[in-house]
Each structure stands twice: as structure tokens, then as C-alpha cells.
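The values are calculated or read from the model by the stated rules, or taken from the named source; none is laboratory data. Treat the numbers as computed from the prediction; the structure is a model and nothing was measured. Note: ideal-geometry Cβ built from the backbone for every residue, glycine included; neighbour counts use all protein chains shown.
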Amino acid sequence: MPATYEPIATTTLSSSATSYTFSSIPSTYTDLVLVVAGTFTNTNSGGNLRLNGDTGTNYSTTALRGTGTTVYATRSINRSFIAGNEDGSSSGPWIFIWNINNYANASTYKTVLVRASDAGAYVSETAGLWRSTSAINSITFITFDPGISSGTTLTLYGIKAA
Amino acid sequence: MLAGNTFYDPANFISIATATGTGSSNTITFSGIPSTYKHLQIRFRVKDTENLGVRNTNILGLYFNGSTTAGTYGKHRIYGDGTSALADGSSTSQMSFSQTIICSLPDEDQIFTVGIIDIVDYASTTKNKTAKMIIGTDANFASTQYKIQLASGVWVNTDAVTSITLNISGGGNFTNTSSVALYGIKGA
């Protein structure tokens, strides 16, 4: 029986970085899952996603977040990335699991579901939208203040429907 | 999976079937589901054909084995609608997600409601059936009808699940661009 859920690529950062990109993603799957496990170099960092290198304000999110004492909802529109945890409040360790639905479709916008889990600080679930009909061929996990720590592991999986 | 460990290779996650909407039916059904897996996962992206000129309030639901007996399904959920974090629960005739499904307004034309549903121990003939769900919709627009939600559901019935139906309540049908994929997860 053919494999349905396959690892496409994986890496462990050997030094801190502000971003990591998976490029030349094959179009042969139905959905993608990106698992990022690690830490940030600063408590103000947040984990975000950009698709196909698009830095335009073509992203938006609807999020539910709990901090241990507070639960709240947020929405952000016309942003230049999909925010996985809305605001950085901890350096981690954390896990981001990004489910990227129907990524190879070339006629509709792309919706992403992301769970961000940091047992010491927060948990959040987010629906993100990229307003582009382009098939996704590259994915960038990015932070802005100031980096992703050495030792962080990023693994991209493909899920193939019958 | 922690930093420094090798990646997880989920070789026991198997595609069973994919179904698409027809544009003329408010249900999508998987039937004849084999009992050879331990758990099931549904991954979907769906959309409602209805376009009444306003954002609709039609919602997604799910039921098993064709059964819609009142009071045999329950769900609890937490959700965010962009402005508030909320929670509720209900006992109904199906596992209603109370999640507004994207309709076919022009400004929603390229957008879908997406979700992942895990149905645990579906082939058991001694346990009631439980499921957990993550469902989300975002449209780059400030409306409380666009939500992200985490939900748990129960079907108070010990029958093995052999068919699963997703449906739209309130109006409209699944567009022919709607797609639902069913996967089986093997146990040891």
C-alpha cells in the first residue's frame, strides 16, 4: 500500500537564523504539514509563515489563544505573514504545527491551520489565509526579533489523498 | 518530536477515499468504511453554494451510519470569532460544529472553510464514539462569522462506524470545488 503521509525534508539549524525556507516543494501531495520544534533567541520573538516568498500584505489570521490566565481571540488583516502565535511572549521551547490545505491548487486562496504550543507560556490555534491563487512551492518559517535558535528542527511532510 | 530528534515517519497513515461536492447536495458521505484501522482522520476544505447577498449563517455538521436521532450527539467547543473567545455545548441530532461555512459571495469566492477531524476507535462495538476537531475560516474581513474553533464531539452509540456524512444545515449545497479526504490510522 503506498505511503500517504511522507516526510519531504527535514533540517536542524546548526546556528541561529531569522528564517528557514523549504523550496522546490513538489506538487504531488494534497496537504502539507510543517512541524517546527525549538526555541527563539529572544522572548519577544514570534513564529510566522510566508509562502512563495510573498512579502506583500496578502495574509490574514483569526486566532484563539490562551496564556495560562487569559483566553482571548484576535484577528489581523492585510499583514505580510501568517502569525503563528500572534505575539511573542516566550523563547520556548515550543512546537508549531502548520497544516497547509490544498497547497498545490492554482485557482483558490490558501488556508492554513496552525497550532502553537509552549507549555510554559501559551497555546494558540489560528486560521490563516494567503490571498493568492498560486500553487505553493516554497514555505518560509520566519521570526523578526531576532532569531530562531540553533538546534531548532523543521520537518515538512506531504499528505496524499486517494 | 523535540529539537535534535529524528523526524517522525507516520507510515501507518493511509488514504482511504476522497469525495467532492456536487453543487446539488448538502451532504458528502463516505460509506463502506473498512474496520481495519484504529482511528480515522478527515481533512476537508468546503464551501456552500448559497449566495443571498449577505454572509450566511449556514453551518457544518457530521453524523455517523446515517443516524440523526435527536439527543444522541453532543459537542463542546471553544472558539474565537475575531473579537471574543467563547465556549458552548449542545446535545443534538448530529455532531454540529456550529461553524459557519464560507458561502459563495463574490468576496468569498476564492476562500474555503477548512478542518481536521479525528474519530477515535471508530470500529469498536463496545464504546460510544468520540471525535475532536479543528476548524477554521479566515477571509481577511472583520466578521464574527469567521472563526477558529477546537471542538470535541460524542455519538452515544456503540455501533462500529461504517459511514460518515458531512452536511450543511441552513441552506445551500457543497460546491463542486469542496473536497473531503478520509484517512485511516493503523494501531499496533
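Residues of segment A:1-43 being of a type outside the set (Ser, Thr, Tyr), under 12 Å from residue A:145 (Cα atoms) and in contact with a Ser or Thr (Cβ under 8 Å, 6 or more places away or on another chain), which ones?
Passing the criteria: A:40, A:42.
Can you find a residue that is over 30 Å from residue B:151 (Cβ atoms) and polar (S, T, N, Q) anywhere in segment A:54-71? The answer is yes; a qualifying residue exists.
Of the strands (runs of 3 or more DSSP E) lying entirely inside segment B:69-188, the ones with 1 or more residues being surrounded by 20 or more Cβ atoms within 10 Å (Cβ to Cβ) are found at B:73-80, B:113-120, B:129-136, B:148-155, B:164-169, B:179-185.
Here is a yes/no grid of residues against (1) surrounded by fewer than 22 Cβ atoms within 10 Å (Cβ to Cβ); (2) in contact with a Lys or Arg (Cβ under 8 Å, 6 or more places away or on another chain); (3) under 30 Å from residue A:6 (Cβ atoms):
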| residue | (1), (2), (3) |
| --- | --- |
| A:28 | yes, yes, yes |
| A:40 | no, no, yes |
| A:43 | yes, no, no |
| A:73 | yes, yes, no |
| A:82 | no, yes, yes |
| A:85 | no, yes, yes |
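When segment B:66-110 is limited to residues that are of a type in the set (D, E, K, R) and within 14 Å of chain A (Cβ to nearest Cβ), the one that is farthest from the chain's Cα centre (by Cα) turns out to be B:107. Cβ-Cβ contacts under 8 Å between residues 6 or more apart (or on different chains), taken from a first residue in segment A:117-140 that is farther than 21 Å from residue A:75 by Cα and within 12 Å of another protein chain (Cβ to nearest Cβ) to a second residue that is crowded, with 20+ Cβ neighbours inside 10 Å and of a type in the set (Phe, Trp, Tyr), are listed as A:133/A:109. Anything in segment B:47-70 that is closer than 24 Å to residue A:112 by Cβ, out of contact with any Gly (no Cβ under 7 Å at 6 or more places or on another chain) and of a type in the set (A, V, I, L, M, F, W, C)? List them, or say none. Within segment B:47-70, B:60, B:62 qualify. Taken as a whole, the condition of being within 11 Å of chain A (Cβ to nearest Cβ) and at pLDDT 90 or above does not apply to residue B:3. The criterion of at least 2 residues that are among the small types (Gly, Ala, Ser) and within 16 Å of residue A:112 (Cβ to Cβ) is met by the following strands (runs of 3 or more DSSP E) wholly inside segment A:1-78: A:59-66. Under the condition of being of a type outside the set (Val, Ile, Thr) and either within 17 Å of residue B:164 (Cβ to Cβ) or modelled with pLDDT of 95 or more (or both), the residues counted in segment B:88-133 number 18. For segment A:79-116, the candidate set comprises residues that are within 20 Å of residue A:29 (Cα to Cα), in a loop (DSSP other than H, G, I, E, B) and more than 10 Å from chain B (Cβ to nearest Cβ); within that set, the residue that is nearest to the chain's Cα centre (by Cα) is A:103.
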